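Bear in mind these aren't lab numbers, they're just calculated from the coordinates by the rules spelled out. Because the structure is a prediction, the values reported are computed rather than measured. Don't worry about glycine lacking a Cβ; one is built from the backbone with ideal geometry, like all the others, and counts go over all protein chains shown.
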Amino acid sequence: MLTPQEVSEHAFTKAFNGYNMSMVDEFLDILTADYTTLYKENATLKAKMKVLVEKVEEYRSTEDAMRKALMTAQKMADDLVAEAESKRNQLMQNAEADAKARMAELQQAIRDEQMRLAAAQQSTAAYVGKLKELHQHEMDFLSGLSKLTAAAPVSIDPVGDTARDIEENVERIIQKEQEEDTTDLSAPEGAKESSLYDELMELSGRKAPAAAPAEEDEDDVVEEPTRRIDFDNLQFGKDYEIR
């Protein structure tokens, strides 16, 4: 593309019957001025276009970077959501499993305690019945002793001695049972109750009033009222509380 300077300095060769030189020069001056203006405008527009192209490229690269960043952020968000949901589901499953296991343990513990309570109630009822039977037997025995004493006075008090012996034997048996409870907790309760009952029955049957000597004087005999022993409040073993 010709520059305005090249247009203005261009020289034409003179020829015979050629163009009018003054008119050609005048036209070239006008053309040079217009061409100069257009040339400058074209240069300005090219510069602006170059700047715009650079801006467009910059915006395009920025757009690509933003698009990549947005896609990365979206992917990270999706991963975080998926991970959070997975952890939530896992925690819920673990919590449900723990709750079910704990519930099963508690239910089993309740059943075990109910069985122990029923067994203790049954054993206590049987033990109380045996104690009442033993108490009635002892009362009958003491009543018989009082009748014998009233019929044949003696120099000593067999009823009082027998009652004291029974009390001492009962205390000794209670102490023995407590020691057995502390040393042998694995022994069955029914066996302990039967052993205690048999021993008390043996002791009660073994004690009998001695015959009064014939040579002693009846005036020297001092009778004491028959003592009644209350066996209802006796407690045997650390796990029994009889009221």
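Quick notes on this structure:
- Note on region 40-134: with charges restricted to the Cβ of Lys and Arg (+1) and Asp and Glu (-1), its dipole about the Cα centre is near 240 debye.
- Volume in Å³ per residue [convex hull over Cα atoms, computed for region 4-148]: 141 Å³
- Taking 166, 110, 173 and counting other C-beta atoms within 10 Å, the order from fewest to most: 110, 173, 166
- Relative packing of 35-45, 58-68, which averages over residues the other C-beta atoms within 10 Å, highest first: 35-45, 58-68
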